[in-house]
Amino acid sequence: MTYVVGVTGGIGSGKTAATNEFERLGIVVVDADKVAREVVEPGSDCLEKIREHFGEAMIQPDGNLNRKALREKVFSNHTEKEWLNKLLHPKIRQKILHQLNHANSDYVILSAPLLLENGLDKYCDRVLVIDVPESLQVERTIARDDTSAEQVEAILSAQMTRDQRRQTADDIILNDTTLAALHSQVQALHKQYLEAAIAHGG
């Protein structure tokens with residue numbers, strides 16, 4: 001398989017800005033969030049099973065999944081959450097592996113907010129963490145998603161702590177200043193990853 005770099009970071013860390021720059025440099029990015037949306041598209045087997053299990057309220061008038069209703073349904077119900085994960089995770093994993101295997105760049109990025117929590121790092125040769133102080137995560141997420149501080153804190157508590165992520169990382173980009181600073185750090189790592197991919201024979 002091609003040399004795989006896993007990219008992760010907590011909410012509001014700037015993970016997308018980093019992966020966009022890798023894409024601009026010609027690297028294929030497999031985005032776990034996009035894959036998760038694809039497996040529940042209208043007409044998909046997973047969406048039909050969700051409809052059967054949870055009822056019509058989970059489907060919007062346009063045929064798409066009602067994510068908000070589903071989130072509310074499983075958020076505080078461990079059994080239902082477990083059922084949903086068992087349905088979706090194998091499909092998501094299968095699709096991610098297929099995309100990684102068919103990527104046609106010198107190396108490939110696997111971008112996932114829960115890369116470490118969901119064990120996706122086992123498919124990666126290196127793990128890059130986009131790191132940011134927690135106060136900045138909260139500030140950026142509130143500004144971006146028009147959400148409350150309480151909601152952001154709830155999301156943060158469901159993710160690994162900053163320290164845990166940093167300890168697991170092979171590489172860390174501290175994204176607490178400008179977009180230009182983020183880009184220059186990405187470009188430096190890009191050179192390293194190209195060399196590693198050649199050595200790996202990818």
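Here LEU84 meets each of (1) surrounded by fewer than 17 Cβ atoms within 10 Å (Cβ to Cβ); (2) not assigned by TED's automatic domain parsing to the domain that holds GLN192 with one exception, condition (1). Candidates are the residues of region 14-28 that are under 25 Å from THR177 (Cβ atoms) and of a type outside the set (A, V, I, L, M, F, W, C); the one that is farthest from the chain's Cα centre (by Cα) is ARG24. Could you please let me know if LEU128 is modelled with pLDDT of 85 or more, touching a strand residue (DSSP E or B) at 6+ places or on another chain (Cβ under 8 Å) and not in a loop (DSSP other than H, G, I, E, B)? Against the criterion (modelled with pLDDT of 85 or more, touching a strand residue (DSSP E or B) at 6+ places or on another chain (Cβ under 8 Å) and not in a loop (DSSP other than H, G, I, E, B)), LEU128 qualifies.
Residue by residue, here is whether (1) without any contact (Cβ under 8 Å) to a residue 60 or more places away in the chain; (2) surrounded by 15 or more Cβ atoms within 10 Å (Cβ to Cβ); (3) under 21 Å from the mean Cα position of the chain (by Cα); (4) not in a helix (DSSP H, G or I) holds:
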position: VAL30; (1), (2), (3), (4): no, yes, yes, yes
position: ALA36; (1), (2), (3), (4): yes, yes, yes, no
position: VAL40; (1), (2), (3), (4): yes, yes, yes, yes
position: LEU47; (1), (2), (3), (4): yes, yes, yes, no
position: ILE50; (1), (2), (3), (4): yes, yes, no, no
position: HIS53; (1), (2), (3), (4): yes, no, no, no
position: LYS68; (1), (2), (3), (4): yes, no, yes, no
position: ARG71; (1), (2), (3), (4): yes, no, yes, no
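In region 115-161, how many residues are surrounded by 16 or more Cβ atoms within 10 Å (Cβ to Cβ) and not polar (S, T, N, Q)? Qualifying residue count, region 115-161: 20. Contact map, region 1-21: residues that are in the same structural domain as ALA154 (by TED's automatic domain parsing) and assigned to a helix (DSSP H, G or I) paired with residues that are charged (D, E, K, R) and buried (at least 19 other Cβ atoms within 10 Å of the Cβ), Cβ distance under 6 Å, separation 6+ or inter-chain. No pairs are found.
A quick yes/no check of all residues on (1) out of contact with any helix residue (DSSP H, G or I) (no Cβ under 9 Å at 6 or more places or on another chain); (2) under 18 Å from ILE155 (Cα atoms):
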{"site": "GLN60", "(1), (2)": "no, no"}
{"site": "GLU72", "(1), (2)": "yes, yes"}
{"site": "HIS89", "(1), (2)": "yes, no"}
{"site": "ILE96", "(1), (2)": "no, no"}
{"site": "ASN101", "(1), (2)": "yes, no"}
{"site": "ALA112", "(1), (2)": "no, yes"}
{"site": "CYS124", "(1), (2)": "yes, no"}
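Within region 138-161, if we keep just the residues that are under 16 Å from the mean Cα position of the chain (by Cα) and in a helix (DSSP H, G or I), the residue that is farthest from SER13 (Cα to Cα) turns out to be ALA158. Return a yes/no flag: does region 162-173 have any residue that is among the small types (Gly, Ala, Ser), surrounded by 13 or more Cβ atoms within 10 Å (Cβ to Cβ) and closer than 25 Å to THR2 by Cβ. The answer is yes; a qualifying residue exists. Quick one: would you say GLY63 is exposed (fewer than 13 other Cβ atoms within 10 Å of the Cβ), without any contact (Cβ under 8 Å) to a residue 12 or more places away in the chain, farther than 30 Å from LEU136 by Cβ and small (Gly, Ala, Ser)? No; evaluated as a whole, the condition is false for this residue.
The values are calculated or read from the model by the stated rules, or taken from the named source; none is laboratory data. Note that the coordinates shown come from a computational prediction; the quantities given were computed from them, not determined experimentally. A quick note on method: Cβ atoms are made from the backbone with ideal geometry, for glycine too, and the neighbour counts reach across all protein chains shown.
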